[in-house]
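The values are calculated or read from the model by the stated rules, or taken from the named source; none is laboratory data. Bear in mind the structure is a predicted one, so any value in this text is a computation, not a measurement. All Cβ positions, glycine included, derive from the backbone under ideal geometry; neighbour counts span all protein chains shown. Just so you know, the surface numbers come from the protein's heavy atoms only, side chains and all, with ligands and any DNA or RNA stripped out. Shrake-Rupley method; radii C 1.70, N 1.55, O 1.52, S 1.80 Å.
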Amino acid sequence: QVQLVESGGGLVQPGGSLRLSCAASGFTFSSYGMRWYRQAPEKERELVAVIDPVDTTNYAASVEGRFTISRNNMENTVYLQMNSLKPEDTAVYLCNVWIGGYPYWGQGTQVTVSS
C-alpha cells in the first residue's frame, strides 16, 4: 500500500533553516509528481511546492526563493529545503501524491518558527 512518512520538522529561530524528508513506498516513485503542503491552525491547507517526474518544480509565491523541493528516485524520497524561515511558515508540513485520481497523505511533520 502507498505510504508517505515525513520527518525533519522541529523548532527553529526566524532566519533559520530546516530540511524536510518524505520517504515513499508502495508505488513507482519515479513516475509521479510529488507535493508538499502545509496546514497552519485555523487556515486552509496550502500547496507549498511541487516536483514532477522530470524535476520541473513550482512554488507558492510565499516561499519562492526560500524553499527548494527536490527528489531522489534511488531512495524514493522527496525533500523540502527551507531557508530564511519566518514565523508565518509555522505549520504542519505534509507530503502528498495523487495516484489514480486519489490523494495520499503522510502524517505530517510540525515546523515551528519562533524566537
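Below 8 Å between Cα atoms, with a sequence gap of 6+, how large is the relative contact order for the chain in percent? Intermediate values should be presented prior to the final figure.
On the way: 280 pairs, mean separation 41.9, N = 115.
This gives 36 percent for the chain.
Placing one identical point scatterer on every Cα of the range 7-115 and ignoring solvent, what is log10 I(q)/I(0) from the Debye formula at q = 0.23 Å⁻¹? Debye intensities relative to I(0), on a log10 scale: -1.33. Computed from the C-beta positions of M74 and S17, the FRET efficiency with R₀ = 35 Å rounds to 0.90. Evaluating 6.51 cos²θ - 1.76 cosθ + 1.60 at θ = phi - 60° for every residue in the range 53-59, the Karplus couplings come out as x, 10, 6, 6, 10, 9, 9 Hz, glycine and proline recorded as x. 3J(HN,Hα) along the range 8-19: x, x, x, 9, 9, 6, x, x, x, 10, 9, 10 Hz, from the Karplus curve 6.51 cos²θ - 1.76 cosθ + 1.60 with θ = phi - 60°, whole Hz, x for Gly and Pro. When each of the peptides 25-37, 96-108, 48-60 is scored by how many other beta carbons lie within 10 Å of its residues on average, the order from highest to lowest is 25-37, 48-60, 96-108.
So, with a 1.4 angstrom probe, what is the percent of accessible area on the chain that is carbon and sulfur?
Values: 2900 of 6070 Å².
C and S atoms contribute 48 percent here.
Restricting the calculation to Cα atoms, the range 67-113 yields a radius of gyration followed by a Dmax of 12.6, 36 Å.
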